[in-house]
């Protein structure tokens, strides 16, 4: 009876499915092992107090002689959506600016940071995690909608399940960091782009501009996926002047949303962009000098394949953290909320890669706007991540997972349908 009811009401079935995925994603939020970057994001959330509690806009504007060089450095290097939402969360939970921790000191050990105010109180940490976890769950709904558009209902269920169970997405998306907002708004930008190419109008153009702007303001590396969506939409908009006007409006809105959320960029956007690129290069140089980098292109490709398809969760980057959070990792691994790696091994990873390629090939053969934009977006994420990631840190490969999950869902759906059709065909006697 229940199955019949769901068949008669696909929307009810989808709503229940997404509710279950949301519960699963949120249930593990408190158990996620701590990362030092969570301290830094909470530290950065004082910008929320400067802007929305104190009304001190000048405090977050760029200055040649800033009141806090550390704050300005982090303000330029990182996205801003997460810190504003973290500030809103701790404010709603009853915390104040005085309760915030200092930035995590990566030059000191665990005990120093814990004893000198560089680590957040447990209640503050949990409050700060909820915005990212909720947006991670929103990403599951976006994956479901993308699956419906690209591959139909089976692909929607398969793709959203892959997303909601992916250990690396769960680990990083539940933390008080930038990944939850980055994933959600990046997926929503693609969803809006597909809406735009299917039914051009002001509503999809506004949705595209808003989602893309929020994705860029969440994390600067969202540029690659957003650019691919805009390029794809532009190619399809060129034959019609009205579509081109809508595209320009969406692009302008994305830029305005990004700038509105980044007062530090207001006086010189091009100069700030160049400085952000320099700071990002400096950070990667420091990371590779300390932790090492890929030995060459072959090693880089092998690392990409391991991270993209086998994808074991990486709880820390600094080796010393193996002792610091060992108990937290053990508790999380023993819980049912850690996720399920659908790759997980060389064999599983090869199977997932094969399904991803099969799904990509299936879309390539379709030759329609939806398939073309999806492939362009997926390819841009894969190539940019492969080319620009100099060391094998799992969280740097997060953009690839939704793309591979969506293509694999399309591939598996196609194979299931082929097998089903094959066995339903009558045999000749």
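The values are calculated or read from the model by the stated rules, or taken from the named source; none is laboratory data. Nothing here was measured: the structure is a model prediction, and the numbers come from that model. Cβ: placed from backbone, ideal geometry, glycine included. Neighbour counts: every protein chain shown.
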Checked 48, 43 against criteria (in contact (Cβ under 8 Å) with a residue 60 or more places away in the chain and surrounded by 13 or more Cβ atoms within 10 Å (Cβ to Cβ)); the one match is 43
Do we have any residue at all in the stretch 107-120 that's surrounded by 12 or more Cβ atoms within 10 Å (Cβ to Cβ), farther than 21 Å from residue 316 by Cα and under 27 Å from the mean Cα position of the chain (by Cα)? no
Pairs returned, first residue in the stretch 325-348 that is free of Cβ contacts under 8 Å to residues at least 12 places away in the same chain and on the phi > 0 side of the Ramachandran plot, second residue that is outside any loop (DSSP other than H, G, I, E, B) and surrounded by fewer than 16 Cβ atoms within 10 Å (Cβ to Cβ), beta-carbon separation under 7 angstrom, 6 or more apart or interchain, are none
With the structure loaded, tell me whether residue 196 is modelled with pLDDT of 95 or more, assigned to a helix (DSSP H, G or I), within 15 Å of residue 399 (Cβ to Cβ) and touching a helix residue (DSSP H, G or I) at 6+ places or on another chain (Cβ under 8 Å) or whether it fails that test. no
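Restricting attention to the stretch 64-95, and to residues there that are outside any helix (DSSP H, G or I), in contact with a helix residue (DSSP H, G or I) (Cβ under 8 Å, 6 or more places away or on another chain) and modelled with pLDDT of 95 or more, which single residue is surrounded by the fewest Cβ atoms within 10 Å (Cβ to Cβ)?
Checked the stretch 64-95; the qualifying residue surrounded by the fewest Cβ atoms within 10 Å (Cβ to Cβ) is 93.
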Here the qualifying pairs (Cβ atoms under 9 Å; residues six or more apart or on different chains; first in the stretch 358-381 and in contact (Cβ under 8 Å) with a residue 24 or more places away in the chain; second outside any helix (DSSP H, G or I) and buried (at least 20 other Cβ atoms within 10 Å of the Cβ)) come out as 381/399
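Within 21 Å of the chain's Cα centre (by Cα), closer than 30 Å to residue 282 by Cα and surrounded by fewer than 17 Cβ atoms within 10 Å (Cβ to Cβ): is that true of residue 381 in this structure? Outline the logic, then answer.
Values: within 21 Å of the chain's Cα centre (by Cα): yes; closer than 30 Å to residue 282 by Cα: yes; surrounded by fewer than 17 Cβ atoms within 10 Å (Cβ to Cβ): no.
Judged against the criteria, residue 381 is not a match.
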Picking from 140, 156, the residue that is in contact with a helix residue (DSSP H, G or I) (Cβ under 7 Å, 6 or more places away or on another chain), under 27 Å from residue 45 (Cβ atoms), touching a residue at least 12 places away in the same chain (Cβ under 8 Å) and assigned to a helix (DSSP H, G or I) would be 140
When residue 263 is run through (1) closer than 26 Å to residue 215 by Cβ; (2) loosely packed, with under 13 Cβ neighbours inside 10 Å, the failure sits at (2)
